[in-house]
Structures are given as structure tokens and as C-alpha cells.
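First up is the structure itself, then whatever we jot down about it.
Just so you know, all these numbers are worked out from the coordinates, no wet-lab data involved. The structure displayed is predicted, hence computed values, not measured ones. Note that we place each Cβ from the backbone using ideal geometry, even for glycine, and neighbour counts take in every protein chain shown.
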Amino acid sequence: MVSPLTPADGVLLKRDDLLHPDIPGNKWRKLKYNITGEPLVTFGGAYSNHIRAVAAAGRALGFATGGVIRGEPVRNEVLDFAVACGMRLVFVTRALYREKGSAEMLGLLDAEFPGHRVLPEGGSNAAAVRGCMEIGPELAHLGEAVVCCPVGTGGTLAGLAAGLPPGFTAVGFSVLKGGGFLDDEVARLQTEALGHVTTNWRIETGFHFGGYARTTPELSAFIRDFEARHGLRLDPVYTAKMMYGIRSLGLGPTVVALVTGKV
Ligand SMILES: Cc1ncc(COP(=O)(O)O)c(C=O)c1O
């Protein structure tokens, strides 16, 4: 399926959120070449869209899944769904979660998830970049455009930019405070996937609204107003911050906003 393009506020929305009910948006793109039928274990916070999507993919395609979750053991809608899909969860301290390459973490993965292939946090690796490279050709008929996406770990932007036709540029909007390090992450991921870094992208770091999953009355009002006018409730963690940024910057005659998750 090629996700549709629909207009809103002078911008074309690339509705990747419609690609799959439980594996929407960039999850579909990033998992496509990461799924081989082998058991997978991955990392995320208690509300991680990525954890949810990996669990759903495991259930749909019949492979085992594991999730290493940051922080105290909790239950919520995302984790209940993951468990219902058959994902085995292990909670680790924030300190251990930060040290994903440590001997302690590798020992834990070996002991708890033997034989599982490890997928990084957010699912961002070279295979994910290759999956996101398939977005660009679906936009080629526009001739030229500025294509925007939210940035968390950088994999989506790395692949989006790498797959764009000549004449197109990509702009990412960091949803993290202090997102300056993300330039290096996108460059690292492109190098891993392509062997070089493309020059057709940049990251805006001024639209994080206080940081990851933080909001402000201004952003909440923007989400309500957008929903009233277009009947689409933007996800406050990712897509809303990108859309607010696009509206503030005026990026050009043809702007495409990638809807990377459920709205
Ligand atoms: C809905 C949604 N949009 C955007 C992103 C950011 O993508 P990336 O981590 O590839 O930068 C994420 C996190 O992966 C997400 O869940």
C-alpha cells in the first residue's frame, strides 16, 4: 500500500499512520527489513510506540519478542498490549538502561532472551534506514518539495533524506530538548546504511516544547485547533511538534509532513 497524501493548512500530510493499525507510520517502515522471523528483543520506555509495534509484529508474523523496559515495573495500556501479543518484558533501572552496551546488560540479554536478535531503541539501525528510504520514491511525482518528520532517535530522518529524489530536501524536528547531538546520530545511521552522509537534510531544535513528552498550553491549544479544523488529533509527543514547527517556519511552496504515528 502507498500511503495517501492529503492537504491540511497548505501542507500535504503523508498519511503513513494509515499503513497498519498496530504497526503504523515509521514503525512499519523501520521494521520492514528488520523482521526476518528470528526472535527479537528491543528497548523502550513504558509508553514506547516502538515496543508496542514490535510486539504487534511478533504476534502478526509469529516470532518471539522481548522488551527491556526503562524504570520501575509498571503496567499501562502499551505494556498490557505488548504482553497480550506475547512479548516478554524485563524492567531495568534507568542507570542500567543507559548502559546498553555494558557487560551487565549483555549478560541480562543472554540470560533472559537467548537467541534473540537485538534491535536498538526506537528500532533505528541500517535496516530501518533502508525501510524509510522507500518514502521518497512515493513523493517523486511532486517534482520538488520540503519533506518534514519528527526526530527522536534519527532513523526516520536518516532514511527519509537518503531516499528523496534530487530537488527534494528533508527537515527534521527534534522532539527532545538539547537535540543538537541528533545531527551526529543521523549521519552515523546514514553512514551505516549507505557508506556516506547525504547533504539534503537539517534538524530544527527549537520546537521541543520543554522536552520529550512535555507539552505547553500553546501546543495543546494548537492540537485542539487543528483537530477542530481537520478532524485529526495530532499525537502530542511527535507529530504535533513537527506541525507547529512547519507552521512557524514557512518552508516553501510544497511542504510534505510525514505522519509518523497514530493520530
Ligand atoms: C510516532 C513517532 N514519530 C516519530 C518518531 C521518531 O522517529 P525516530 O526515532 O526514527 O527519529 C517516533 C519514535 O520512534 C515515533 O514513535
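Looking only at residues in the stretch 224-243 that are buried (at least 20 other Cβ atoms within 10 Å of the Cβ) and not in a loop (DSSP other than H, G, I, E, B), the one that is farthest from the ligand (Cβ to nearest atom) is 226. Selection of the stretch 203-223 for residues being small (Gly, Ala, Ser) and part of a loop (DSSP other than H, G, I, E, B) yields 206, 210, 211, 213. The number of residues in the stretch 153-169 being near the ligand (Cβ under 8 Å from one of its atoms), more than 14 Å from residue 204 (Cβ to Cβ) and either of a type in the set (Phe, Trp, Tyr) or not in a helix (DSSP H, G or I) (or both) comes to 1. For the stretch 113-125, filtered to residues that are more than 13 Å from the ligand (Cβ to nearest atom) and touching a residue at least 60 places away in the same chain (Cβ under 8 Å), the residue that is nearest to the chain's Cα centre (by Cα) is 118.
Only a single criterion out of (1) surrounded by 12 or more Cβ atoms within 10 Å (Cβ to Cβ); (2) part of a helix (DSSP H, G or I) is not satisfied by residue 91, namely (2). For the stretch 175-188, does any single residue satisfy the condition of being crowded, with 20+ Cβ neighbours inside 10 Å, not in a helix (DSSP H, G or I) and not hydroxyl-bearing (Ser, Thr, Tyr)? There is at least one residue in the stretch 175-188 that is crowded, with 20+ Cβ neighbours inside 10 Å, not in a helix (DSSP H, G or I) and not hydroxyl-bearing (Ser, Thr, Tyr).
The condition of being within 25 Å of residue 131 (Cβ to Cβ), surrounded by 15 or more Cβ atoms within 10 Å (Cβ to Cβ) and in contact with a strand residue (DSSP E or B) (Cβ under 7 Å, 6 or more places away or on another chain) holds for only one of 64, 55, that being 55.
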